[in-house]
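Visitor: Structure provided below as structure tokens; questions to follow.
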Amino acid sequence: MASAANASSLCLSLKSSINSSSSPVSRSSGSSDVYLRLKNRSPISLRSSFFSNSSSIELNQVNNKCLVNVNRTQFKTSASSTQVMEPSPSKANSRVPTIVEVDLGNRSYPIYIGSGLLDQPELLQRHVHGKRVLVVTNNTVAPLYLDKVVDALTRGNPNVSAESVILPDGEKYKNMETLMKVFDKAIESRLDRRCTFVALGGGVIGDMCGYAAASFLRGVNFIQIPTTVMAQVDSSVGGKTGINHPLGKNLIGAFYQPQCVLIDTDTLNTLPDRELASGLAEVIKYGLIRDAEFFRWQENNMPALMARDPEAFTYAIKRSCENKAEVVALDEKESGLRATLNLGHTFGHAIETGFGYGQWLHGEAVAAGMVMAVDMSRRLGWIDDSIVRRVHNILEQAKLPTAPPVTMTVEMFKSVMAVDKKVADGLLRLILLKGPLGNCVFTGEYDRKALDETLRAFCKS
């Protein structure tokens, strides 16, 4: 086993080998606690197969450590790999990108964050390995940024040529029919396996372009250039790709990592207010499930975020990406721990499916879903009323919904949630808050009456 000083990937299991004095993993005598001591500054990867048979995952914060409870086994991981909190957003030169690394061994990749990054062509060009590029975007983003991105990909690089395909904008187009337009363009252009797909847009474009890249010729390189808050803080990071089905959201897809994520914060200048607020739901989520200090920062800085303060937004994006990257490095394929990033999503996806794709933005549905998850957590006695109030207050500051549409019924929720991706052996597992702020569980072990009571409290029938 590699030494702790230079290990970038670690397989952690409850075999006798962990008692070796040379191992960076040790167990307390007579205890089921396993302590993973990190001496390097890169996130440590735990093989996700370890979590696959666990019915309950618990994520806690104890003395600036991330505490992961897997049934009766606890893993304590030092949070020193990235800075947990900064007293204020960095005032460094915004032209120099902040880089957050997603540590996945030989598939690791950088997230570049900063202002004016689309005017720095070397950032993109270093990740284009062949001579052909296909930019996938939509009819809203294309007039704003397509020419700039094509220029960044090809400037001073005559060997690279760029094609583009412009899709209709909106969640209702995240389907197989629209996806085929990407394949049509790629095949008509005779792209080969050394080509690179580039996703230019929000979460819908990123998910579809990534899935197309995963499938075309059984896999080609792709790059994410997210242009919405939602995509910049969440969907562009971690390799989840896919499309919707009429019976459920994101049921068809693949885990497929990009070569890099380039976040030019200047693209937020053209983002509508409603889209901006929608993305803040995912920012709030990180604070609730694993980063209480970040949540407190949000409570103090939400007016600045709503006013599009560039320094506040750069910090919020950076810290969100750090949270996401840390979890993805530990559980890339969502065998357990990564599922905690889906707080409110089971309820939220039911709203999107039942109410109609595109009627509510994803973040709006997730916001209402988080309120429902928090309500259920309180009914189970797992959190106190002060957390419920704080969640309501911050969502209202962000101008996000705190209840589902009035047309949603208990039966609509139950029928859609029954086919949710987190169902295992017929058991609906949920992400719920438990304990002080910043702690959550992913579990199927809860009183079903609490779920019924929450659904009835938020639905008329």
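Visitor: Would you check if Ile205 is in contact (Cβ under 8 Å) with a residue 60 or more places away in the chain and in a strand (DSSP E or B)?
Guide: Considered against the rule, which asks whether it is in contact (Cβ under 8 Å) with a residue 60 or more places away in the chain and in a strand (DSSP E or B), Ile205 comes out as no.
Visitor: Against the definition (modelled with pLDDT of 95 or more, under 25 Å from Gly201 (Cβ atoms) and either of a type in the set (S, T, N, Q) or buried (at least 22 other Cβ atoms within 10 Å of the Cβ) (or both)), how does Glu282 come out, yes or no?
Guide: yes
Visitor: Determine if the stretch 334-352 includes at least one residue that is in the same structural domain as Ala373 (by TED's automatic domain parsing), charged (D, E, K, R) and modelled with pLDDT under 95.
Guide: Scanning the stretch 334-352, I find at least one residue that is in the same structural domain as Ala373 (by TED's automatic domain parsing), charged (D, E, K, R) and modelled with pLDDT under 95, so the answer is yes.
Visitor: Right, next: Surrounded by 16 or more Cβ atoms within 10 Å (Cβ to Cβ) and within 23 Å of Gly336 (Cβ to Cβ) - does that describe any residue in the stretch 400-416?
Guide: yes
Visitor: Another question about this same structure. Considering each of Leu271, Leu361 in turn, give the residue that is assigned by TED's automatic domain parsing to the domain that holds Cys440, of a type outside the set (Lys, Arg) and closer than 23 Å to Tyr145 by Cα.
Guide: Every option except Leu361 fails the conditions.
Visitor: A further question follows. Given the options Ile252, Ile187, name the one that is surrounded by fewer than 17 Cβ atoms within 10 Å (Cβ to Cβ) and assigned to a strand (DSSP E or B).
Guide: Of Ile252, Ile187, the one residue that is surrounded by fewer than 17 Cβ atoms within 10 Å (Cβ to Cβ) and assigned to a strand (DSSP E or B) is Ile252.
Visitor: Kindly establish whether Ile263 is within 18 Å of Asn139 (Cβ to Cβ), in contact with a strand residue (DSSP E or B) (Cβ under 6 Å, 6 or more places away or on another chain) and crowded, with 23+ Cβ neighbours inside 10 Å. Walk me through it before giving the result.
Guide: Values: within 18 Å of Asn139 (Cβ to Cβ): no; in contact with a strand residue (DSSP E or B) (Cβ under 6 Å, 6 or more places away or on another chain): yes; crowded, with 23+ Cβ neighbours inside 10 Å: yes.
It is false that Ile263 is within 18 Å of Asn139 (Cβ to Cβ), in contact with a strand residue (DSSP E or B) (Cβ under 6 Å, 6 or more places away or on another chain) and crowded, with 23+ Cβ neighbours inside 10 Å.
Visitor: Please determine whether any residue of the stretch 323-341 is hydroxyl-bearing (Ser, Thr, Tyr) and either crowded, with 24+ Cβ neighbours inside 10 Å or closer than 27 Å to Lys421 by Cα (or both). Outline the logic, then answer.
Guide: Keep residues of the stretch 323-341 that are hydroxyl-bearing (Ser, Thr, Tyr), which gives 335, 340.
Retained after the next criterion (residues that are either crowded, with 24+ Cβ neighbours inside 10 Å or closer than 27 Å to Lys421 by Cα (or both)): 335, 340.
The answer is yes, given that some residue of the stretch 323-341 is hydroxyl-bearing (Ser, Thr, Tyr) and either crowded, with 24+ Cβ neighbours inside 10 Å or closer than 27 Å to Lys421 by Cα (or both).
Visitor: While we're here: Before we move on, is Ala231 surrounded by 24 or more Cβ atoms within 10 Å (Cβ to Cβ), assigned to a helix (DSSP H, G or I), small (Gly, Ala, Ser) and modelled with pLDDT of 95 or more?
Guide: yes
Visitor: Which residue pairs have Cβ atoms under 6 Å apart, sit 6 or more places apart or on different chains, and have a first residue in the stretch 402-416 that is touching a residue at least 24 places away in the same chain (Cβ under 8 Å) and a second that is assigned to a loop (DSSP other than H, G, I, E, B)?
Guide: Close Cβ pairs (under 6 Å, with a partner that is assigned to a loop (DSSP other than H, G, I, E, B)) amount to Met408/Cys459; Thr409/Cys459; Thr409/Ser461; Val410/Cys459.
Visitor: Looking at Ile205, Ile243, Ile187, which is the one that is aliphatic (A, V, I, L, M), more than 21 Å from Thr98 (Cβ to Cβ), out of contact with any strand residue (DSSP E or B) (no Cβ under 9 Å at 6 or more places or on another chain) and not assigned by TED's automatic domain parsing to the domain that holds Ala365? Lay out the reasoning, then the answer.
Guide: Values: Ile205 fails: out of contact with any strand residue (DSSP E or B) (no Cβ under 9 Å at 6 or more places or on another chain); Ile243 fails: out of contact with any strand residue (DSSP E or B) (no Cβ under 9 Å at 6 or more places or on another chain).
Result of the check over Ile205, Ile243, Ile187: Ile187.
Visitor: Ok, one more. Do you know which residues across the stretch 132-147 are surrounded by 14 or more Cβ atoms within 10 Å (Cβ to Cβ) and not aromatic (Phe, Trp, Tyr)?
Guide: Residues satisfying the conditions are Arg132, Val133, Leu134, Val135, Val136, Thr137, Asn138, Thr140, Val141, Ala142, Leu144, Leu146.
Visitor: Then there is this: What is the residue count in the stretch 355-376 for residues that are under 22 Å from the mean Cα position of the chain (by Cα), of a type outside the set (A, V, I, L, M) and assigned to a helix (DSSP H, G or I)?
Guide: 4
The values are calculated or read from the model by the stated rules, or taken from the named source; none is laboratory data. This one's a predicted model, so the numbers in the text were calculated from it and none came from an experiment. No Cβ is skipped: glycine too gets one built from the backbone with ideal geometry, and neighbour counts run over all protein chains shown.
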